[in-house]
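Engineer: Please find one structure pasted underneath; my questions will follow.
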Amino acid sequence: MEIFEYILLMLAAIALSNLLNRFIPSVSVPIIQIALGVGITYLPLHFELRLNPELFLLLFIAPLLFNDGRHSDKEALWSLKKPILLLALGLVFMTVAILGFFLNWLLPVIPLAAAFALAAALAPTDAIAVGALEEKIHIPHQTMKILAGESLINDASGLVSFQFAAAAMVTGAFSLRSASLSFVGISIGGIVLGLLLTLVKYVFVKWLRKLGMENVTLHMLIEVLTPFAVFLAAEELGVNGILAAVSAGIAHSFGYKKLDPEVARLNIVSKSTWSVIIYVLNGLVFLLLGTQLPEIIRTIWSSSNLGHAEVIAYTLVLTLAVLALRFIWVLFMKLPGSSEQIPVRGHKIRNALILSLSGVRGTITLASTLSLPFLLDNGNPFPERDLIIFLAAGVILWTLLAANYLLPLLIKNEVDSENDESHIEIEILRNVVIVLSEQTNEDNRAAISKIISTYNSRIRKLKKEETADRLQRPWIIQTLKWHRENTLQAIQNKEVNPFMAYRYLHRLNRTLYRFTKDEQYRTDLLALRQWMEVSGILQQARLTFQERRAAVDAFRIRNIHYVIVQLKNILPTAGAEIEDVSSLLLRYERMLGRYTRNEPDPSAKEDLDTSLDELARVGIQLERDQIQHMFESGKLSRAGMKGMKSNLLLMEHDLRELTL
């Protein structure tokens with residue numbers, strides 16, 4: 001029971017981290033999750049989690065790397081293969097060699113083999129941790145492609161190096177020649193096994209489909225179990241499970257090209273399922289880091305000969321060494337046969353700094369160090385295991401903080417159009433709203449109003465709610481002015497009951513003064529109040545309650561009609577503010593409907609639902625056409641086009657489910 005409650009608490013903490021990030025966007029989600037993990041240790045719990053190193057690799061590393069392989073941009077991997085391989089292989093092995101000796105020299109209490117293991121754990125970068133900063137920092141798109149490709153490969157190379165170094169520490173035996181041959185053998189073996197098992201899975205799934213077993217739940221369960229099965233099979237056969245999981249993930253991404261409704265449904269379910277799994281696993285890793293930190297700190301500070309400030313200083317020195325190695329490597333890295341720096345924007349040194357600070361350490365580093373065995377083969381405790389984990393945790397924290405607070409300084413004024421295409425998506429949605437508005441008639445007005453309202457909501461979300469509210473405020477003031485203008489005209493033409501009209505005008509002036517602080521409306525308030533005091537009682541006495549209510553409703557309808565006409569006249573020329581005008585127009589049309597509705601028709605709701613379904617499909621097709629047009633005109637990148645079309649598929653799926 002305690003472990004179940006603990007798991008629920010961890011899942012709640014992951015959800016809370018996402019919520020907190022909404023209110024403190026300047027702090028990345030991994031940092032929040034680490035802090036929450038530390039906070040969990042101070043709760044009065046009756047359960048203490050003890051991590052099994054082998055289970056940690058299977059539970060976290062296998063699915064994370066499998067998913068990275070599934071979603072890898074194969075075109076980018078191939079086009080940027082040289083810089084990616086130089087970073088993922090060359091930099092990793094250089095980091096292991098130089099940092100291993102440096103660590104052993106800096107902290108002689110850590111044996112050389114253990115120092116190499118820590119260096120190997122620190123070598124891989126974590127593109128997922130950087131991805132959490134993308135919305136705030138706008139990391140150049142080309143840099144993110146390099147980081148993603150590097151992370152996919154250096155996870156495997158770093159972990160393989162780590163496993164060799166850890167095995168050398170545990171067994172006390174190491175041979176460079178045999179290790180090199182073994183490295184090549186188990187690496188190739190892992191890649192081949194991953195590809196073979198993916199082929200076996202593909203044949204098995206095809207056989208199930210021939211039997212008529214198209215159940216999406218069954219196929220999704222097979223997909224989720226795949227990385228665990230591949231990893232366990234690789235470990236059992238003595239080849240590298242990490243590379244097996246990566247190659248299986250890449251091969252898996254080629255199996256969904258066939259146009260088939262069941263495969264399409266599986267794709268939709270797969271995307272949402274894996275997004276939840278990966279988010280939870282990444283969150284759990286950083287939460288676990290937070291839960292382990294207090295005990296590790298207490299152990300280090302109580303048993304180590306190092307002082308508090310000294311051990312923290314070592315984490316900072318180690319972080320600077322890792323970043324310095326990466327900076328120097330990137331600074332002097334050239335594409336073969338070219339004198340050009342790798343394709344990142346800006347000056348040479350600034351480019352190197354951006355790519356260096358973007359190389360955040362995260363999940364793989366933590367998972368590696370936490371997977372260190374507690375005992376050696378001779379039964380002795382693994383030397384300085386807690387210190388190694390503490391140093392790794394310190395480097396993760398320092399690199400996260402550096403990326404969180406230093407990267408924005410380097411990319412302060414840089415906006416990458418390929419990386420931030422929300423303005424293109426807003427333009428696409430605005431074009432759809434214009435076309436739908438032009439198709440409005442008396443029969444479909446209610447349905448189109450609802451559809452346009454959903455598009456306006458999406459635009460507001462892309463513009464950020466606070467910004468959207470600020471931009472819509474002038475239009476709200478303008479509609480109030482139109483109310484006032486029509487009211488004054490009605491009074492002048494003696495078309496309304498004067499007492500009722502002046503009371504209405506009094507409220508309008510008071511609202512306008514609150515919005516604008518214009519003295520004109522305040523002066524009118526005083527004059528109107530005096531008039532109402534003199535004539536109010538007499539005018540009110542002439543009308544019954546029903547007559548007063550009918551007069552007020554009729555006057556409101558008159559003003560609403562007037563505002564709707566003004567908004568419709570402006571809508572075709574509203575440009576970038578079309579969603580603000582359209583949103584107000586829909587609001588006033590709904591208000592008009594409430595005042596003028598007749599007796600409810602039993603078939604009206606069914607007709608409205610049918611119109612909504614038809615118009616929703618029309619809107620989706622218009623959006624798809626706009627996306628294709630933006631892509632063909634060069635305004636939208638291929639990745640942006642794929643992402644937007646993928647969202648359309650999800651909406652179409654939901655629409656189908658609702659109409660079944």
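Engineer: Would you work out if the range 214-254 is rounded, prolate or oblate? Take a ≥ b ≥ c from the square roots of the eigenvalues of the alpha-carbon gyration tensor; rounded if a/c is under 1.5, else prolate when a/b is larger than b/c, oblate otherwise.
Structural biologist: oblate
Engineer: I've got another one for you. Would you work out what percent of the accessible area of the range 269-317, with all protein chains in place, is carbon or sulfur (probe 1.4 Å)?
Structural biologist: 69
Engineer: Quote to one decimal, in nm, the extra length available between His629 and Val109 on full extension: 0.36 nm per residue of separation minus the C-alpha distance between them.
Structural biologist: 180.9 nm
Engineer: Pop the C-beta distance of Ile349 and Lys494 into the FRET formula with R0 = 60 Å and round what comes out to the nearest 0.05.
Structural biologist: That pair, Ile349 with Lys494, gives E of 0.20.
Engineer: Using protein chains only and a probe of 1.4 angstrom, how many square angstrom of Asp613 are accessible, to the nearest 10?
Structural biologist: 50
Engineer: For the pair Asp613 and Ser457, how long in nm is the line joining their label points, each one 7 Å along Cα→Cβ?
Structural biologist: Between Asp613 and Ser457, the label points sit 2.0 nm apart.
Engineer: Now for a separate question. Can you tell me the FRET efficiency between Ser646 and His423 if r is taken as the Cβ-Cβ distance and R0 is 22 Å, rounded to the nearest 0.05?
Structural biologist: The computed FRET efficiency comes out at 0.70.
Engineer: Taking 25 Å as R0, compute the FRET efficiency from the Cβ-Cβ separation of Phe228 and Thr171 and round it to 0.05.
Structural biologist: Rounded to the nearest 0.05, the efficiency is 0.40.
Engineer: Same structure, new question: For Leu9 and Ser272, calculate 0.36 nm times their separation in residues minus their Cα-Cα distance, and state this gained length in nm to one decimal.
Structural biologist: 92.4 nm
Engineer: Label Ala313 and Asp553 with points 7 Å out from Cα along Cα→Cβ: what is the distance between them in nm?
Structural biologist: Distance between the two pseudo-spin positions: 8.2 nm.
Engineer: Oh, and also: Spin-label point model (7 Å from Cα, Cβ direction): what's the Tyr42 to Trp207 distance in nm?
Structural biologist: 5.7
Engineer: How far, in nm, would the chain grow between Lys81 and Asn305 when pulled straight, counting 0.36 nm per residue and subtracting the alpha carbon separation?
Structural biologist: 76.1 nm
The values are calculated or read from the model by the stated rules, or taken from the named source; none is laboratory data. Keep in mind that this is a model prediction, so the values were computed, not measured. Positions of Cβ are generated from backbone atoms using ideal geometry, with glycine treated the same way; all protein chains shown enter the neighbour counts. All accessible areas refer to the heavy atoms of the entire protein, side chains included, with ligands and DNA or RNA removed. Shrake-Rupley method; radii C 1.70, N 1.55, O 1.52, S 1.80 Å.
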